[in-house]
Amino acid sequence: AQSVTQPDIHITVSEGASLELRCNYSYGATPYLFWYVQSPGQGLQLLLKYFSGDTLVQGIKGFEAEFKRSQSSFNLRKPSVHWSDAAEYFCAVALNYGGSQGNLIFGKGTKLSVKP
Amino acid sequence: GAGVSQTPSNKVTEKGKYVELRCDPISGHTALYWYRQSLGQGPEFLIYFQGTGAADDSGLPNDRFFAVRPEGSVSTLKIQRTERGDSAVYLCASSPLQAGEGDTQYFGPGTRLTVL
């Protein structure tokens with residue numbers, strides 16, 4: 001069965017430091033890959049997505065992610081974290097039905113805290 | 001334009017009662033999804049509509065859960081004989097169903113259901 005693993009439940013970084021959130025997936029083919037962010041009381045906001053092509057994907061708010069097929073990973077990075085980045089981050093995959101897709105499968109999330 | 005909206009934002013009910021949760025998708029979006037997010041977990045898929053029909057309802061946990069989308073726009077998730085374990089945030093998402101390039105789901109703010 002398809003699954004998504006986010007190994008870090010909670011990460012704390014200092015403001016201005018770099019950030020990497022890990023995501024591994026289990027799927028027989030190349031899935032569609034997503035990172036969403038959820039702030040307290042807010043809905044899920046899409047940060048970036050990978051469907052095909054360049055494996056380094058740029059998103060909103062200065063985030064980027066790199067798809068590594070050999071490692072089944074799609075890690076999220078940001079070179080310099082801002083206090084407003086404190087939130088919960090979810091990695092998700094969508095099954096690739098030859099170009100269309102079905103539902104998203106989410107990881108359990110990584111909560112990011114930012115120290116001043 | 002307007003995003004996905006969900007009503008009510010909060011619902012408190014007693015065990016055994018019936019509840020309805022409403023989702024208004026982004027205008028023109030063909031696909032509509034329901035997810036459930038329990039505390040400390042990522043969202044879990046419940047049901048997916050293409051137009052008026054349920055294309056995939058494999059995530060519904062049991063026959064107490066039912067969803068409709070009679071005119072291909074607004075959807076209602078219905079839960080009969082609620083149990084305390086049904087307490088969660090129920091998320092709705094919609095997408096334009098762009099085949100070939102993957103598709104992006106846009107989430108509403110959710111309905112927090114509490115079953116006492």
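The values are calculated or read from the model by the stated rules, or taken from the named source; none is laboratory data. Only a predicted model underlies this, so the values are computations on that prediction, with no experimental measurement involved. Heads up, the Cβs are rebuilt from the backbone with ideal geometry, glycines too, and the neighbour counts pull from every protein chain shown.
Points worth noting:
- The single condition among (1) surrounded by 15 or more Cβ atoms within 10 Å (Cβ to Cβ); (2) at the interface with chain A (Cβ under 9 Å from one of its Cβ atoms) that B:Gly72 does not satisfy is (2).
- Test: A:Gly102 is within 14 Å of another protein chain (Cβ to nearest Cβ), over 14 Å from the mean Cα position of the chain (by Cα) and in a strand (DSSP E or B): yes
- Any chance A:Leu46 is of a type outside the set (Phe, Trp, Tyr), part of a strand (DSSP E or B) and under 18 Å from A:Ala1 (Cβ atoms): no
- Residues that are surrounded by fewer than 16 Cβ atoms within 10 Å (Cβ to Cβ) and in a strand (DSSP E or B), drawn from segment A:49-75: A:Leu56, A:Gln58, A:Lys68
- Residue within segment A:76-97 that is within 14 Å of chain B (Cβ to nearest Cβ), exposed (fewer than 15 other Cβ atoms within 10 Å of the Cβ) and modelled with pLDDT under 95 present: yes
- Strands (runs of 3 or more DSSP E) enclosed by segment B:46-107 - at least 1 residues per element that are in contact with an Asp or Glu (Cβ under 6 Å, 6 or more places away or on another chain): B:75-79, B:88-95
- Lone qualifier among B:Glu71, B:Glu44 - being more than 16 Å from A:Ile105 (Cα to Cα) and of a type in the set (Asp, Glu): B:Glu71
- Residue match in segment B:85-102 (condition: within 12 Å of B:Arg36 (Cα to Cα) and aromatic (Phe, Trp, Tyr)): yes
- Segment B:8-45: number of residues that are within 16 Å of B:Tyr106 (Cβ to Cβ) and either in a loop (DSSP other than H, G, I, E, B) or acidic (Asp, Glu) (or both): 8
- Test: B:Tyr35 is at the interface with another protein chain (Cβ under 10 Å from one of its Cβ atoms) and modelled with pLDDT of 95 or more: yes
- Within segment B:14-32, tally of residues that are within 22 Å of A:Gly41 (Cβ to Cβ) and either touching a helix residue (DSSP H, G or I) at 6+ places or on another chain (Cβ under 9 Å) or surrounded by fewer than 16 Cβ atoms within 10 Å (Cβ to Cβ) (or both): 2
- Odd one out for B:Gly3, checked against (1) of a type outside the set (D, E, K, R); (2) closer than 18 Å to B:Tyr106 by Cα; (3) surrounded by 16 or more Cβ atoms within 10 Å (Cβ to Cβ): (3)
- Checking the stated criteria, B:Val89 turns out to be at the interface with chain A (Cβ under 10 Å from one of its Cβ atoms) and at pLDDT 95 or above.
- Considering (1) closer than 26 Å to A:Leu95 by Cα; (2) at pLDDT 95 or above, the lone condition that B:Asn10 does not fulfil carries the number (1).
- For segment A:21-33, a residue qualifies if it is within 13 Å of another protein chain (Cβ to nearest Cβ) and at pLDDT 95 or above, and exactly one does: A:Cys23.
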